[in-house]
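A.B. asks: What follows is a single structure, and I will ask about it in a moment.
The values are calculated or read from the model by the stated rules, or taken from the named source; none is laboratory data. The shown structure was predicted, so the numbers you read here are calculated from the model rather than taken from an experiment. With ideal geometry, Cβ positions are generated from the backbone for all residues, glycine too; neighbour counts draw on all protein chains shown.
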Amino acid sequence: MLVKRRSSTAARGGLQALAQNVAARPVDRRSFLRTSGLAVGGLAAVGTLGAGTMRRAEAGPTDHSKPIEVKTNICTHCSVGCTVKAEVQDGVWVGQEPAWDSPINRGTHCAKGASVRELVHGDRRLKYPMKKENGQWVRISWEQAIDEVGAKMLDVREKSGADAAYLLGSAKFSNEGAYLFRKFAAFWGTNNVDHQARICHSTTVAGVANTWGYGAMTNSYNDIRNSKTIVFMGSNAAEAHPVSLQHILTGKETNRANVIVLDPRFTRTAAHATDYIRMRPGTDIAVIWGIMWHIFENGWEDADFIDQRVWGMDQIREAVKAYPPEEVERISGIPGETLKRVAQTFATQKPSTFIWCMGGTQHTVGTANVRTYCNLLLATGNVGDIGNGANIFRGHCNVQGATDFGLDIGSLPCYYGLSEGGWRHWSRVWEVPYESLQARFDAVPAKGGRDARTAKENMSVPGIPSTRWFDAATLDAEDVDQIDNIKAMIVFGHGGNTVPRMGGALEGMNALDLLVVADPHPTTFAALHDRTDNTYLLPISTQFECDGSRTASNRSVQWGEKVVEPIFESDNDYAVIYRLAERLGFAEEMFKNYDMVEGKFGMEPTAESILEEINRGGWSTGYTGQSPERLKAHMKHQDKFDLVTLRTLDGAPEEIEGDYYGLPWPCWGTPELRHPGTHILYNPNIPVKDGGSAFRPRFGLEREGQTLLAEGSFPVDSDIRDGYPQFTYGVLQSLGWDSELTAEELATIQRIGNNDPEAMAKVSWSLDLSGGIQRVAISHGCVPFGNGKARAVAWNLPDPIPVHREPIYSPRPDLVADYPTREDGRQFRVPNIGHTMQASAVDRNIASDFPIVLTSGRLVEYEGGGEETRSNPWLAELQQDMFVEINPADAEARGIADGGWVWVRGPEMDSKARVKALVTERVASGVAFMPFHFAGWYQGEDQRGNYPEGTDPIVLGESVNTVTTYGYDPVTGMHEGKVTLCQISAA
Amino acid sequence: MARMKFLCDADRCIECNACVTACKNEHEVPWGINRRRVVTINDGLPGERSVSMACMHCTDAPCAAVCPVDCFYTTDDAVVLHSKDTCIGCGYCFYACPFGAPQYPKVGNFGTRGKMDKCTYCAGGPEADMTEAEYVKYGSNRLAEGKLPLCAEMCSTKALLAGDGDIIADIYRERVVTRGYGSGAWGWRSAYGETVNV
Amino acid sequence: MTLTSITSRALAVLCLGLFAAFALPQIAEAQQINPTAESVTEESLMQALSGDAQVQGRVTIPDGLSTGVIKPGNKDWAATLGGPVRIVTILSVVGIVAVLLLFYMVRGKIRIDAGPSTQRILRFNSFERFAHWLMAGSFIVLALTGLNLIFGRSIILPLFGENVFGTLSAWGKLAHNYMGFAFMLGLVLAFVSWVAHNIPNKLDLVWIKQGGGLFSKDVHPPAKKFNAGQKVIFWSVIGGGAALSFTGVMLLFPGLAGGEAGWQLYQVIHGVVAAILTAIVVAHIYIGSVGMEGAFDAMGSGEVDLNWAKEHHSLWVDEVQSSGGKSAGSAKAHPAE
């Protein structure tokens, strides 16, 4: 027991004086850590690594002469895009400092962001490739892993076709990784490629894009500082996007803004509202139509805006008459007066912004919900300007980018469709013959009464959504509209517990011939099932261990630099995709445009060269101006951007001058055009060259005899002072602007149009690889995609005018009769029998046996499936048990005590989950809430032993999706994650 | 010399726990020791407010008064620190503290407490500044590096303020005037015998 | 903080959960729910605190002690510890030493009036002595290490410095924690051994009336194995010891103590009882050693001088001798000093 006298040096001298010591005497935390054993405690005890294991890099003895290097990357959790400053010494990430300069987070983080350093200490990370052999996990080499996985994929392809392999990608990819994975699917020859956007905002993308052009957040987190009225519906940003609240609460304070929260649950966001309104889960359409009923009734709509920029609002005006206050109260439980107050506030205290998340999107009516939100914004003229807009908070750090780059069963990178035109565009960019890609696809025979389709046709048919992969694996092969069932799952960075009906997922996993999990952690995909063989784990590094760009929710693209080398034997996405492509035989073609460099275990493409290829092809979305150089310059000069406008401040260096931070897409033209990006979409109040634009006319030029082009509204400085269609070479010719194209630009257009004048005239702003058409249009103050009207009515979608539809499992059978779900049908190669399920639930009186509505959501400490965050002791300590929130009245009626164990039972498959009760007024009587980040227990069984030793997350728990149920949006295959029924009893 | 204080603006705090994990990260605080925590009052009810709480570095700190071995001392910046070499883990300071700040590793048998651990205001301990010995026992010494506590620096909504008491009181006062409401300077009465009047 | 206020505090803590539930409007009743306007404030919660309750909330970490966010009452306990408990301890320990000093000066060492005899008589067998010394030894360690917590920082620290004091205190805490169990065992053994002899009876009144003969020569009120004075010591030790044991266990296992207020209550009781018992035991030690000739042998060898025994425990000697001298002395083995 050594006792030291406190030294006199402990007295604090002037801080500035002492600060000088920093550089001279760096603190080596790693060696402190080793000698102190401080990091090891309680549950966090670290299993010793097997002999011969590649250890993560550790600093040697503290060498005070060695400086600390600061690396800049982006948080890998939510979509806010917080900059992370990493202090690195001797290749070890020793400290995290506030990134003061970032206009997005200004130094701050949430619990997840403040603990990301742990991800690359990674005691629970997957340390080397493994496979299951006779039910045991065995360590294998990368060579063996790639060889066997490749062989088995080819085997599956041989027997069941290319479509039998499901390529599940990730919103955790960098843009380059996401793009590469999509390209990999194209070269493999399937559209069965998807990622988390399916289960978070697929309905948003579909609904919003079908309304006004692009499926993305229209404004930015920062811009909410300008709002006067802020509505959250089905969004709990305080937990899901904590740093966004910095902007929102500041705006609330400085503008004395109204913050209205519509949610079944009194969330942490609601706690900061000025008006909290509780609603029955799954009644969004009725609520919004109820609000709009008051708007039209009182003439609060923005008539000028509607006249100039919206098509079909009259039909909406008629439709909402079916939702008078009494009916809306009957459906949603919200009194008419309350909605009148919301209507008046939203329509008159402008600018107003509408924020939604999974509470709106994860429904059988998700796309319809989204379109009603858009309609509310359109009716009140709240899109396309400062402080208003559809502020859709995306979920994961790069879910926007991964969506943009087509990790999607229905599109190619940058939303190019699966039509021949889209494929030909990308084959030009990839410099491979279109026919060679087509040859990779299956020809599907006729079956189940459906017609056969050729490879070319199959190429244009959307794949199976990630919510249904297990149905596609277990349904009768006749019912699956491709050669065979799903036989192989190749899962890169995606949890296995994030989709309802875990019982079905379990059966699906057991049915597969091959399961490959490429992830920093084993995930539920590795632990839930009873597989004994043909199951592989590939250790992938995090985005902190590689370079690449990611797109935040506000469309700003940020470059992250590698902080440390991939730890243990993990490797980055680029390298692994390359090696797999190599084994499958198409690497040479696929990677020919990239700079290949020596990576950790072999050659890999540089992120920069992948991004440059994206720049050469991403015209439709304006992903062409964001060159690696520009993005890096933005990261370097973060402090030169304005906090509110995101535009550069006076005195910014020339390389970024005039830009919006992160060049939010669309950033038109080539990088040399120096378009600044688009902070606020569809904003005609500024010139196009400064980020102005208009609604995108992508649904034709007229409908029902009315024009679909804008009338009397156009961006400032536009040479065309009215609406106009998208720009093509033909349009340029008719305007006489074709002469402004350079010779090179014209040559490119000629090449694309095969020198055929008719084909050349059709070469559009999105197909012109030279960027000339965009450049000329912008030089005339015009938007390349045209100037159209937004659609209040989407005639091509189910329910062109959204109508309220009860959830499949409704607590109100009486309302099911009036508002049934849509008829059964077939979408995305599989049947959707929602209507049958709903009718059966009513017939079986499910609502009386399962009287509590179950909804789900996020916790701030965890993310997604939660394997990564539950493995981080700093986070895991804060949420150690899966729980269900239950109202005190419901708890008392069931003899349930706060903190006690309960069984939550679902209405399908006799499902049940054993969780702790959290008795709280946060949920109304008759409603229960469960967070969705847990896994590792299944129906009361602890599955810790199923994880490879030392990789089990610290905290395990039941997944909410064990008890969630059937229900799919017909437009995107989105699951019903927010409304089902359950019964709860003390365990 | 500055008089360092913490002020948690509960009207900004969203219980995101960044302060908690920032602290864990900065000092490699082990599982089970929570130098900082976020407490939610009226959880789930309108009026709910969350408060991030740690050692408030009290004026006339009661922990120091009850410490049988006199291991506490106050720095020139008014930061209340302690010597783990002298601490015997008796637990008295926990029961004297109005904020539940002192934490004890569980060591040995029957709930015996190890040496007390608490928020250092990122100012280390008695050992020489920014040395390994100091880091191992108390964590990093940001104050000596000219930085403020990481919990406050990383606070997602800038709810948790750290710095000279007068300055952070001014910031808080200005916010309350701007927005027209304020739930108060939580803990100030107990810690500093005063509050922030607006 | 008085003991009653500590008790009321314990109750207040129990009631606080209820308070929180009633203090605010429920969601269903309000027309417009404006969480911003309805926000709790520090001031209102602090004012609403009754007794020594805490401002409490919910935390996600599984640590019940961390739910209190502001606990103004803890400062009161700190003040109690630094005030009343400290004063009682000082008064008790300094006071008893002063009293004994005075007594010694006035009365001097109490001699055997008849002078030492050559015969000895077995007063305490080895089991009894083991019990006594187990208790006594542990008590001395406990008392010294306990006193160190009160006085150490004002006496030992300035005298010997942080090094010595820190080491001493750390070992002292360990010793205090473990010796407590030895003390408890000794306490049980002593109780079992002697409780039958310590039932108060009429003789005790006589003994007390005569002041035990302590204050005058040649006065020896009759007594059995234990006289009234010793019974007082016995019951003080049993009672005080039991109180210390119980509160000590509570302090060692805070989880059992019923929250912070409970722990604080036990801590104050522990401190005050310890101070008083220490004073009593100091008196006991005095009379059993320097204060009275021949007394120490009872717990030393276990055999006492017959004359001493006759003077102080006449009835017991009669009993022993009439019962066939099975406790007869062994003059040979232990010649008179």
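A.B. asks: Filter region A:133-183 down to the residues that are touching a residue at least 60 places away in the same chain (Cβ under 8 Å) and either of a type in the set (S, T, N, Q) or on the phi > 0 side of the Ramachandran plot (or both) and list them by number.
C.D. replies: Listed by number, the residues that qualify are A:134, A:135, A:160, A:161, A:170, A:174, A:175.
A.B. asks: Additional query: Can you tell me which residues in region A:567-583 are crowded, with 20+ Cβ neighbours inside 10 Å and part of a helix (DSSP H, G or I)?
C.D. replies: Correct list: A:573, A:574, A:575, A:576, A:577, A:578, A:579, A:580, A:581.
A.B. asks: Looking at region A:277-290 only, could you name the residues that are under 19 Å from residue A:928 (Cβ atoms) and within 14 Å of chain B (Cβ to nearest Cβ)?
C.D. replies: Result: A:278, single match.
A.B. asks: Can you find a residue in region B:57-77 that is in contact with a Pro (Cβ under 8 Å, 6 or more places away or on another chain) and farther than 26 Å from residue B:134 by Cα?
C.D. replies: no
A.B. asks: Further question on the same structure: Determine, yes or no, whether residue B:106 is in contact with a Lys or Arg (Cβ under 6 Å, 6 or more places away or on another chain) and within 30 Å of residue C:62 (Cβ to Cβ).
C.D. replies: Answer is no for this residue.
A.B. asks: Please give the strands (runs of 3 or more DSSP E) falling wholly within region B:12-113 in which 2 or more residues are at the interface with another protein chain (Cβ under 7 Å from one of its Cβ atoms).
C.D. replies: Hits in region B:12-113: B:36-41, B:49-54.
A.B. asks: Are there any helices (runs of 4 or more DSSP H) wholly within region A:291-353 with 2 or more residues that are charged (D, E, K, R) and within 14 Å of chain C (Cβ to nearest Cβ), and if so which?
C.D. replies: Result: A:336-348.
A.B. asks: Right, here's the next one. For region A:744-839, which fully contained helices (runs of 4 or more DSSP H) count at least 3 residues that are crowded, with 18+ Cβ neighbours inside 10 Å?
C.D. replies: A:772-779
A.B. asks: Something else about it: If you take the residues of region B:152-180 that are without any contact (Cβ under 8 Å) to a residue 60 or more places away in the chain and either within 18 Å of residue B:25 (Cα to Cα) or charged (D, E, K, R) (or both), which of them is farthest from the other protein chains (Cβ to nearest Cβ)?
C.D. replies: B:170
A.B. asks: Look through region B:118-151, keep the residues that are more than 10 Å from chain A (Cβ to nearest Cβ) and surrounded by 24 or more Cβ atoms within 10 Å (Cβ to Cβ), and return whichever of them is nearest to residue B:9 (Cα to Cα).
C.D. replies: B:149
A.B. asks: What tally of residues in region A:397-414 results from selecting those that are assigned to a loop (DSSP other than H, G, I, E, B) and not small (Gly, Ala, Ser)?
C.D. replies: Qualifying residue count for the region: 7.
A.B. asks: Now for a different question. Based on this model, can you work out whether residue B:5 counts as crowded, with 24+ Cβ neighbours inside 10 Å, assigned to a strand (DSSP E or B), in contact with a helix residue (DSSP H, G or I) (Cβ under 9 Å, 6 or more places away or on another chain) and basic (Lys, Arg)?
C.D. replies: Yes: the conditions hold for residue B:5.
A.B. asks: Go through the residues of region C:91-110 one by one and say whether even a single one is of a type in the set (Val, Ile, Thr), crowded, with 16+ Cβ neighbours inside 10 Å, within 14 Å of chain B (Cβ to nearest Cβ) and in contact with a strand residue (DSSP E or B) (Cβ under 6 Å, 6 or more places away or on another chain).
C.D. replies: No, that holds for no residue.
A.B. asks: Restricting region C:29-60 to residues that are part of a helix (DSSP H, G or I) and within 11 Å of chain B (Cβ to nearest Cβ), which is modelled with the lowest pLDDT?
C.D. replies: Once the filter is applied, the top-ranked residue is C:29.
A.B. asks: More than 8 Å from chain A (Cβ to nearest Cβ), touching a residue at least 60 places away in the same chain (Cβ under 8 Å), at negative phi and not in a helix (DSSP H, G or I): is that true of residue B:183 in this structure?
C.D. replies: yes
A.B. asks: Check whether at least one residue in region C:154-164 is out of contact with any Phe, Trp or Tyr (no Cβ under 7 Å at 6 or more places or on another chain), surrounded by 16 or more Cβ atoms within 10 Å (Cβ to Cβ) and in contact (Cβ under 8 Å) with a residue 24 or more places away in the chain, and report yes or no.
C.D. replies: Taking every residue of region C:154-164 in turn, none turns out to be out of contact with any Phe, Trp or Tyr (no Cβ under 7 Å at 6 or more places or on another chain), surrounded by 16 or more Cβ atoms within 10 Å (Cβ to Cβ) and in contact (Cβ under 8 Å) with a residue 24 or more places away in the chain.
A.B. asks: Are any residues in region C:176-192 within 15 Å of the chain's Cα centre (by Cα), more than 14 Å from every other protein chain (Cβ to nearest Cβ) and of a type in the set (Gly, Ala, Ser), and if so, which ones?
C.D. replies: Result: C:182, C:186.
A.B. asks: I'm trying to understand the selection: among the residues of region A:694-725, which are of a type in the set (S, T, N, Q) and out of contact with any Gly (no Cβ under 8 Å at 6 or more places or on another chain)?
C.D. replies: The one that is of a type in the set (S, T, N, Q) and out of contact with any Gly (no Cβ under 8 Å at 6 or more places or on another chain): A:706.
A.B. asks: Looking only at region A:214-235, count every residue that is under 18 Å from the mean Cα position of the chain (by Cα) and under 27 Å from residue A:622 (Cβ atoms) and tell me the total.
C.D. replies: 9
A.B. asks: Hey, among C:223, C:279, C:274, which residue is at pLDDT 90 or above, within 23 Å of residue C:212 (Cα to Cα) and crowded, with 22+ Cβ neighbours inside 10 Å?
C.D. replies: Being at pLDDT 90 or above, within 23 Å of residue C:212 (Cα to Cα) and crowded, with 22+ Cβ neighbours inside 10 Å holds for just one of C:223, C:279, C:274, which is C:279.
A.B. asks: So which residues in region A:860-882 are more than 9 Å from chain B (Cβ to nearest Cβ) and surrounded by 24 or more Cβ atoms within 10 Å (Cβ to Cβ)?
C.D. replies: A:862, A:863, A:864, A:865, A:866, A:867, A:868, A:869, A:870, A:871, A:879, A:882
A.B. asks: Further, regarding this structure: If you go through region A:308-316 one residue at a time, do you hit one that is crowded, with 24+ Cβ neighbours inside 10 Å and in contact with a His (Cβ under 9 Å, 6 or more places away or on another chain)?
C.D. replies: Within region A:308-316 (the criterion being crowded, with 24+ Cβ neighbours inside 10 Å and in contact with a His (Cβ under 9 Å, 6 or more places away or on another chain)), the answer is no, since none of the residues qualifies.
A.B. asks: Of the numbered conditions (1) more than 14 Å from every other protein chain (Cβ to nearest Cβ); (2) within 29 Å of the chain's Cα centre (by Cα); (3) not β-branched (Val, Ile, Thr), residue A:119 fails exactly one; give the number of that condition.
C.D. replies: Single failed check for residue A:119: (1).
A.B. asks: Same structure, new question: Looking at A:165, A:99, A:171, which one is of a type in the set (A, V, I, L, M) and outside the structural domain of residue A:573 (by TED's automatic domain parsing)?
C.D. replies: A:99
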